[in-house]
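Each remark here refers to the structure printed beneath this line.
The values are calculated or read from the model by the stated rules, or taken from the named source; none is laboratory data. Just so we're clear, the structure is a prediction, and the values are computed from it rather than from any experiment. Please note: Cβ atoms are built from the backbone with ideal geometry, for glycine as well, and neighbour counts cover all protein chains shown. The area values use the complete protein model at the heavy-atom level, side chains included, leaving out ligands, DNA and RNA. Shrake-Rupley method; radii C 1.70, N 1.55, O 1.52, S 1.80 Å.
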2 protein chains.
Amino acid sequence: MPELTLISNDNYQPGLSIDCVIFGFNDNHLKVLLIKTLYENKWALPGGFIPIGQDIDDAAIEVLNKRTGVKGVFLRQFSTFGKVKRNDNHFSEEVLELLQISKKERKWFVQRFVTIGYYALVDLLKIFPENVSSYEVVEWVDHKEVPELILDHKEILDKALDTLRIELNLMPIGYNLLPEKFTITELQKLYETILDKKLDRRNFLRKITNIGILNKLDEKKNNVAHKAPGLYSFDMDKYEKVLKNGMNQAW
Amino acid sequence: MPELTLISNDNYQPGLSIDCVIFGFNDNHLKVLLIKTLYENKWALPGGFIPIGQDIDDAAIEVLNKRTGVKGVFLRQFSTFGKVKRNDNHFSEEVLELLQISKKERKWFVQRFVTIGYYALVDLLKIFPENVSSYEVVEWVDHKEVPELILDHKEILDKALDTLRIELNLMPIGYNLLPEKFTITELQKLYETILDKKLDRRNFLRKITNIGILNKLDEKKNNVAHKAPGLYSFDMDKYEKVLKNGMNQAW
């Protein structure tokens, strides 16, 4: 476990960690990137510590990369978790022994940790997680089949999903998650998958059209002549503008 | 400065602080609760440290109370700020001397701090800030006339205001900020004050009515017979429900 052995009191911000919730979408499935420790067979979010000389946003990118090999993902901070008891008794003497954590280093691991949550939504076919450590494996798990997680990681995951769902009301999504040309049905399925509910087709079409980020193309899907669904693409200028200003000009 | 002298290495979570952005609304003004240090004449958000045995949400309540005397405010966490250099050179030798911080304690004050931001929106006539310390004064300052703030406190304040404005799209506001019976104009002014822009009256009426949280009362304002504006109250059952479920069922 190379990461753990790097720890010394002065290299990292004490009592503060980062955990990443990476949602992967493809083919109407929403998955979460999880790590299973082989020494305890326990599941966790990819997390780690904050180098003393690094901004927390940069540390999040590095933490994700160090634990999963994943690069080039846009991480957004969503909440900080700081219940007193959240990591009480997390590392048992046995595990600390197994991981060859020195007596001197143990104080680090048993201190109280507050953790900052970051999340991202990616096309799960476009990023490439690796087993970075021989002590753990990295896996995509369907968000409806998430096993028991360590610490308060389930709470962190749930909060990230809530945040993602709220963001659907505030900004457009789909770019980088759908093919360049897509049908309204494909776009609707993306929303349905994230929201985990069926949407009314007509309402969806009206609302998504109102945002003004779609170009209707002069093409049909798959050359299916009869009643083939029309194809759309994102108008990236407008998409970027709505992303920047927020789409809900409610007031 | 009683708070500072309480610090010892083991009482507080190291390298982590809390800063509170308290917005106060009344009479179409939006103000921010700030602290001015008398020893340096510098303005700051009310902030403080996290007792090692306290959840961060509880610590935020205590920090606000200790610095401003304010109680009973519902604080919401909105973001954590962790640039490496954010508190570099904040405490000069002179100030540490002045505040009678012992040599041993100085290491605490000069370490890197990550800070968790909490905010609240209150009726500024209903809470009662006090000058808790003889080293500093507490003041409501109009949000458009905020002086230079220490550290990254201006960035924290701006982010809190952004968050508040986004929340207007996600949940109802006004309860506890308006009189029990109010006119649409009064409610609109609240939105206009927070958003810092004029709203179209007809659009506002339509949108606010659509949320379904208003009761139209069988009363007119001030007994002004001719063309007196109608009075409204919040339907608290529906208000609470929308608060819980989010009002933007966009999809």
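By how many degrees, between 0 and 90 and to the nearest 10, does the Cα long axis of helix B:56-68 differ from the longest principal axis of chain B?
80
Have a look at A:K36, A:K103, A:K220 and tell me which one the Gaussian network model of chain A (Cα, springs below 10 Å) gives the largest fluctuation.
Judging by the Gaussian network model, the answer is A:K103.
What dipole magnitude, in Debye to the nearest 20, does chain A give about its Cα centre under +1 on Lys/Arg Cβ and -1 on Asp/Glu Cβ?
940
What residue among A:T183, B:H29, B:P14 has its Cα farthest toward the positive end of the dipole of the protein assembly as shown, where the charges are +1 on Lys, Arg and -1 on Asp, Glu, each on the Cβ?
Highest projection toward the positive end goes to A:T183.
Just to confirm, what accessible area per residue do you get for chain A at 1.4 Å probe, in whole Å²?
51
Kindly express, to the nearest 10 degrees and within the range 0 to 90, the angle between helix B:201-211's C-alpha long axis and the longest C-alpha principal axis of chain B.
80
Quick one: helix A:236-245 against the long Cα principal axis of chain A, what's the angle to the nearest 10°, folded into 0 to 90?
For A:236-245 against chain A, the angle is about 60 degrees.
Rounded to the nearest 0.05, what FRET efficiency do A:N41 and A:Q111 have when you use their Cβ-Cβ distance and R0 = 25 Å?
The pair A:N41/A:Q111 has a calculated efficiency of 0.50.
Checking an interface number: how much accessible area is buried between A and B, summed over both chains, with a 1.4 Å probe, in Å² rounded to 100?
2900
Roll a 1.4 Å probe over the protein heavy atoms and report the accessible area of A:M171 in Å², nearest 10.
The accessible area comes out at roughly 40 Å².
Of the candidates A:N41, A:N203, A:N169, which one comes out as most mobile in a Gaussian network treatment of chain A with C-alpha springs shorter than 10 Å?
Top of the fluctuation ranking is A:N203.
I'd like the antiparallel share, as a percent to the nearest 5, of DSSP beta bridges with both residues in chain A.
Antiparallel bridges make up about 70 percent of those DSSP assigns within chain A.
Calculate what fraction, in whole %, of the accessible area of chain B sits on carbon and sulfur atoms when a 1.4 Å probe is rolled over the protein chains.
Carbon-and-sulfur percentage of accessible area, whole number: 49.
What is the gain in length, in nm to one decimal, between B:E219 and B:L243 on full extension, counting 0.36 nm per residue of separation less the C-alpha to C-alpha distance?
6.0 nm
To the nearest 20 debye, what charge dipole does the protein assembly as shown have about its Cα centre, counting +1 at the Cβ of each Lys and Arg and -1 at the Cβ of each Asp and Glu?
So the magnitude is around 1800 debye.
Could you identify which residue out of A:G174, A:G230, A:G47 has the top mean-square fluctuation in a GNM of chain A using Cα springs shorter than 10 Å?
For chain A, modelled as a Gaussian network with Cα springs under 10 Å, the answer is A:G230.
Mind giving me the FRET efficiency for A:H29 and A:L99? R0 is 41 Å, r the Cβ-Cβ distance, nearest 0.05 is fine.
0.75
Restricting the count to DSSP beta bridges whose residues both fall in the stretch A:1-143, what percent are antiparallel, rounded to a multiple of 5?
DSSP beta bridges in the stretch A:1-143 are roughly 70 percent antiparallel.
Taking each residue of B:189-199 in turn, how many C-beta atoms of other protein chains fall within 10 Å of its C-beta, and what is the average?
1
In the protein assembly as shown, what % of DSSP beta bridges are antiparallel (nearest 5)?
70
Considering only A:P172, A:L151, B:I211, whose Cα is most displaced toward the positive end of the charge dipole of the protein assembly as shown, charges sitting on Cβ of Lys, Arg (+1) and Asp, Glu (-1)?
Positive-end residue among those listed: B:I211.
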